[in-house]
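Structure, as structure tokens:
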Amino acid sequence: MKNIFFLLLLIPTVVLAQPQVPLDWFHLCPDNDGYRGLNTTGAYELLEGRESRTVVVAVIDSGVDIDHEDLRDNVWVNPGETAGTGRDDDGNGYADDINGWNFIGGPDSNVIYDNLEITRLYRKFRDKYAERDPMELNRRERKEYARYLSYKRAYQRGRENSKNNYEQFKEFTDRLLLSIDKVMLAIGDEPLTEEALLNIDPQGDRDVSFGVQVLLNFLEDYPDADYDNLREDLKENLTGGIEHYRSRYNYHYNVDFCPRHLVNDNYDDQEERYYGNNEVGGEFSQHGTHVAGIIGAVRDNDIGIDGIADNVRIMSIRTVPNGDERDKDVANAIRYAVDNGASVINMSFGKGYSWNKQVVDDAIRHADRNDVLLVHAAGNSAQNNDLNDNFPNPVFERRRFLGPRQARNWIEVGALNYENPPTLVASFSNYGKETVDVFAPGNFIYSTVPGDDYQDLQGTSMASPMVAGLAALLRSYFPDFSAREIKAIIEDSAIREDAEVTRPSDRELVHFSELSSTGGYINAYEAVKLAIERSN
């Protein structure tokens with residue numbers, strides 16, 4: 001209950017007052033501008049006079065609004081496919097895949113909501129073992145039965161928490177809006193000031209007292225905020241919070257909900273590749289559109305924002321629903337991207353359990369063999385990934401004879417805050433001395449969203465495309481470098497910050513170098529400078 005209350009207070013602060021930082025802070029120069037951005041302008045000054053080639057970046061995500069005013073000129077178009085024929089003109093197995101592919105769509109509809117992976121795993125083993133007598137199981141089955149019990153506990157805990165959070169959030173939302181209505185009625189036509197609030201006599205009405213206290217806190221923290229549309233903004237944002245918890249309960253942690261039939265594939269066949277449809281955008285493509293803008297919004301067109309890469313094409317591969325992505329779809333999305341010309345793949349998604357890691361590992365190996373760089377978000381659980389599972393990841397489940405233990409074409413990215421140490425690392429970001437490679441801007445990131453609109457979002461989901469955009473920039477101007485060499489340039493050029501920072505998991509002060517393998521954050525200027533040196 002207490003946590004929900006504080007979350008309610010947190011959401012309005014986003015509405016009432018945005019951080020006083022430039023919308024393009026992630027492009028700025030750490031030395032000249034005071035923000036630990038990429039110094040994108042400095043990088044392009046170093047590249048002046050050099051030729052570039054077009055680079056395709058695959059965005060494996062929730063979809064991309066390919067008609068967005070600041071993206072449409074940089075959307076990948078399949079050169080071997082003719083739009084509207086309904087045929088597979090280029091013979092790649094996907095009919096009318098003009099701008100990419102949708103692996104969570106079927107002949108008649110698309111998957112919007114799905115379970116978390118823990119729910120799917122629990123359902124799988126429940127159907128196998130719920131009615132079995134543990135004393136009659138053989139040795140192999142007993143191991144599976146132990147996993148079933150573990151999944152059952154995790155699922156039931158998540159189910160109960162999601163129910164409680166949904167009910168409590170809705171209750172507090174209703175109470176907060178009612179309290180503000182009563183306070184505004186008591187104030188009348190007076191301006192919303194501290195004096196006006198303190199002059200209100202609650203007359204024993206606890207709702208009025210609650211509303212007064214909430215608004216006093218807002219005024220103290222955000223004295224210059226615009227309060228004219230306070231209630232409407234609060235309602236819009238809090239309704240989004242209710243929807244989040246409703247989805248957790250109704251879909252994510254609901255073992256009786258399974259939308260996979262909409263895709264019309266054989267889910268038991270994890271090697272199956274040719275299913276889905278060509279709808280790469282859609283109504284729920286906010287996340288993927290935001291990611292795409294960071295990488296490749298058209299630069300210098302006096303519209304919206306500038307992406308990081310200037311000669312790029314965005315390939316949209318819709319794979320991530322509202323819920324956990326499925327390993328089969330992720331593997332097929334990677335293979336599709338590789339086989340259709342992508343040089344860089346951005347993956348701003350992740351989960352704590354895996355259904356079939358091997359099928360994803362095989363796709364990662366396929367990308368490595370074809371010189372494709374994979375960039376992945378570390379996650380937003382404020383956890384140490386060295387100690388906690390986070391999928392997908394580059395560590396192979398089964399090591400092949402004389403083969404590497406993990407992928408060498410993979411970069412794992414944590415999120416950087418716009419503030420100075422000790423709050424340099426975003427409070428939500430996962431980290432790991434062994435498992436996270438670099439940090440990149442990931443808090444208050446302004447980018448494209450569907451409907452020719454723009455919005456600031458936060459997450460390692462935003463940090464990952466920073467690295468993917470930089471990788472595309474380097475591959476564009478230095479095409480002779482391999483994916484592994486681009487990875488090395490990005491990591492070797494990362495700026496090492498000699499500072500104590502707040503560790504996200506426990507808020508303890510640690511040296512920044514303890515949170516990633518490089519101990520640094522990316523910088524386009526330094527990366528280009530190093531690429532020039534190595535190319536010579």
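The values are calculated or read from the model by the stated rules, or taken from the named source; none is laboratory data. Everything quoted here is computed from the prediction, not taken from an experiment. All Cβ positions, even for glycine, are placed from backbone atoms using ideal geometry, and neighbour counts span all protein chains on display.
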Residue, surrounded by the most Cβ atoms within 10 Å (Cβ to Cβ), within region 62-77, restricted to residues that are within 14 Å of Glu279 (Cα to Cα) and either basic (Lys, Arg) or out of contact with any strand residue (DSSP E or B) (no Cβ under 7 Å at 6 or more places or on another chain) (or both): Asp65
Selection within region 125-138 - under 18 Å from Asn254 (Cα atoms) and either in contact (Cβ under 8 Å) with a residue 60 or more places away in the chain or of a type in the set (Phe, Trp, Tyr) (or both): Phe125, Arg126
If I filter region 429-448 for residues that are farther than 20 Å from Val501 by Cβ, touching a residue at least 40 places away in the same chain (Cβ under 8 Å), acidic (Asp, Glu) and out of contact with any Pro (no Cβ under 7 Å at 6 or more places or on another chain), do I get at least one hit? no
Pick from region 134-171 the residues that are among the aliphatic types (A, V, I, L, M) and farther than 20 Å from Phe257 by Cβ: which of them is surrounded by the most Cβ atoms within 10 Å (Cβ to Cβ)? Leu137
Taking the criterion of being surrounded by 23 or more Cβ atoms within 10 Å (Cβ to Cβ) and under 28 Å from Arg123 (Cα atoms), would at least one residue in region 305-318 satisfy it? yes
Which condition from (1) assigned to a helix (DSSP H, G or I); (2) farther than 29 Å from Ser482 by Cα is the one that Asp329 breaks? (2)
Strands (runs of 3 or more DSSP E) fully within region 403-452 counting 1 or more residues that are under 13 Å from His376 (Cα atoms): 410-416, 438-441
Give me the pairs, please: first residue somewhere in region 75-98 and under 30 Å from Arg299 (Cα atoms), second residue anywhere and among the hydrophobic types (A, V, I, L, M, F, W, C) and not in a loop (DSSP other than H, G, I, E, B), beta-carbon distance under 7 Å, and either six or more positions apart or on two chains. Val75/Ile314; Trp76/Val56; Trp76/Ile314; Trp76/Met315
State all residues of region 115-133 that are within 16 Å of Asp327 (Cα to Cα) and surrounded by fewer than 18 Cβ atoms within 10 Å (Cβ to Cβ); if no residue qualifies, say none. Lys124
Based on what the data block shows, is Asp368 buried (at least 16 other Cβ atoms within 10 Å of the Cβ), out of contact with any Asp or Glu (no Cβ under 9 Å at 6 or more places or on another chain), assigned by TED's automatic domain parsing to the domain that holds Ile489 and in a helix (DSSP H, G or I)? yes
Selection count where residues are of a type in the set (Lys, Arg) and assigned to a loop (DSSP other than H, G, I, E, B), scope region 72-114: 1
Scanning region 92-108 for residues that are β-branched (Val, Ile, Thr) and either touching a helix residue (DSSP H, G or I) at 6+ places or on another chain (Cβ under 8 Å) or closer than 16 Å to Val330 by Cβ (or both) gives Ile104
Is it the case, given these coordinates, that Glu51 is modelled with pLDDT of 70 or more, out of contact with any strand residue (DSSP E or B) (no Cβ under 8 Å at 6 or more places or on another chain) and assigned to a loop (DSSP other than H, G, I, E, B)? yes
Exactly one of Ala337, Ala331 is buried (at least 22 other Cβ atoms within 10 Å of the Cβ) and either in contact with a strand residue (DSSP E or B) (Cβ under 9 Å, 6 or more places away or on another chain) or of a type outside the set (Gly, Ala, Ser) (or both), and that residue is Ala337
For region 280-289, does any single residue satisfy the condition of being in a helix (DSSP H, G or I), touching a Pro at 6+ places or on another chain (Cβ under 9 Å) and either free of Cβ contacts under 8 Å to residues at least 12 places away in the same chain or of a type in the set (Gly, Ala, Ser) (or both)? no
Give the number of residues within region 142-153 that are in contact with a helix residue (DSSP H, G or I) (Cβ under 8 Å, 6 or more places away or on another chain) and either among the charged types (D, E, K, R) or under 13 Å from His252 (Cα atoms) (or both). 4
Can you confirm whether region 96-107 contains a residue that is in the same structural domain as Glu325 (by TED's automatic domain parsing), touching a Pro at 6+ places or on another chain (Cβ under 7 Å) and over 30 Å from Val212 (Cα atoms)? yes
